[in-house]
Amino acid sequence: MACSCGSGAKCDGMSADYKRRLWLVIAINAVMFFVEMISGHLAGSQALKADALDFLGDALTYGLSLAVIGASLQVRSTAAMVKGISLLCVGAWVFGSTVWRALGDGVPEAEVMGVVGMLALAANVTSVLLLMRYKDGDANVRSVWLCSRNDAIGNVAVMLAALGVWGTASAVPDLVVATVMAGLFLSSALQILRQAMAERRAGDHCSVSAE
């Protein structure tokens with residue numbers, strides 16, 4: 001597989017196998033966005049809507065990952081930074097909307113949350129397995145892995161929220177899980193941004209050395 005400059009070279013996504021796997025993961029995420037957003041609206045679940053937005057964000061950013069494969073390290077690190085910033089925005093939106101929802105009324109439908117959560121978990125576990133061998137790539141490649149991993153964790157959390165809602169007849173478990181997911185988005189965004197900035201500095205060093 002093609003790798004970046006330096007002794008600590010990492011996969012940069014040029015592998016044909018990686019591209020095929022990424023296309024499959026993009027399709028999975030696009031389908032699940034519609035499934036979860038519609039289900040979240042019908043069930044009144046903030047956690048499902050948060051997870052649906054994550055699916056959408058992943059589908060869009062994975063498309064960006066495909067677009068910059070083969071580009072310079074600076075371009076790929078910039079794309080990773082864009083994805084990191086988008087994750088920050090999603091995390092902030094989920095947190096803000098969860099606080100707003102906490103001020104309102106209504107209890108989500110636990111049954112719908114549970115069923116859709118299991119379906120989404122199956123989709124994300126499939127994505128994680130498809131991308132497993134590329135989890136230690138450059139910032140652009142690693143960001144895809146982190147997003148898929150977050151989705152799988154989020155789906156488990158949604159199902160736990162469904163159990164909590166069913167057991168307590170309260171929206172509190174749903175809101176708690178949505179808040180935790182917001183924190184996960186923010187944490188992953190910071191990881192991606194740190195690695196992308198480090199790779200940008202390394203790319204600048206490689207360029208200077210080549211002159």
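Read-outs throughout are calculated quantities, based only on the coordinates presented, and are distinct from any laboratory measurement. Everything numeric in this text was worked out from a predicted model, so none of it was measured. Heads up, the Cβs are rebuilt from the backbone with ideal geometry, glycines too, and the neighbour counts pull from every protein chain shown.
Computed quantities for the displayed model
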{"read-out": "Cα-centre dipole for the stretch 16-210 with unit charges at Cβ (Lys and Arg positive, Asp and Glu negative), debye to 20", "value": "700"}
{"read-out": "Those trypsin sites (Lys or Arg not before Pro) in the stretch 116-172 that DSSP places in a loop and that have at most 16 other beta carbons within 10 Å", "value": "K135"}
{"read-out": "Options L64, N124, C89, ranked by Cα towards positive dipole end of the stretch 16-210, top entry (Cβ charges)", "value": "L64"}
{"read-out": "Binned Cα-Cα distances of the stretch 16-210, short to long, each 10 Å bin given as a whole percent", "value": "10, 36, 31, 15, 6, 1, 0"}
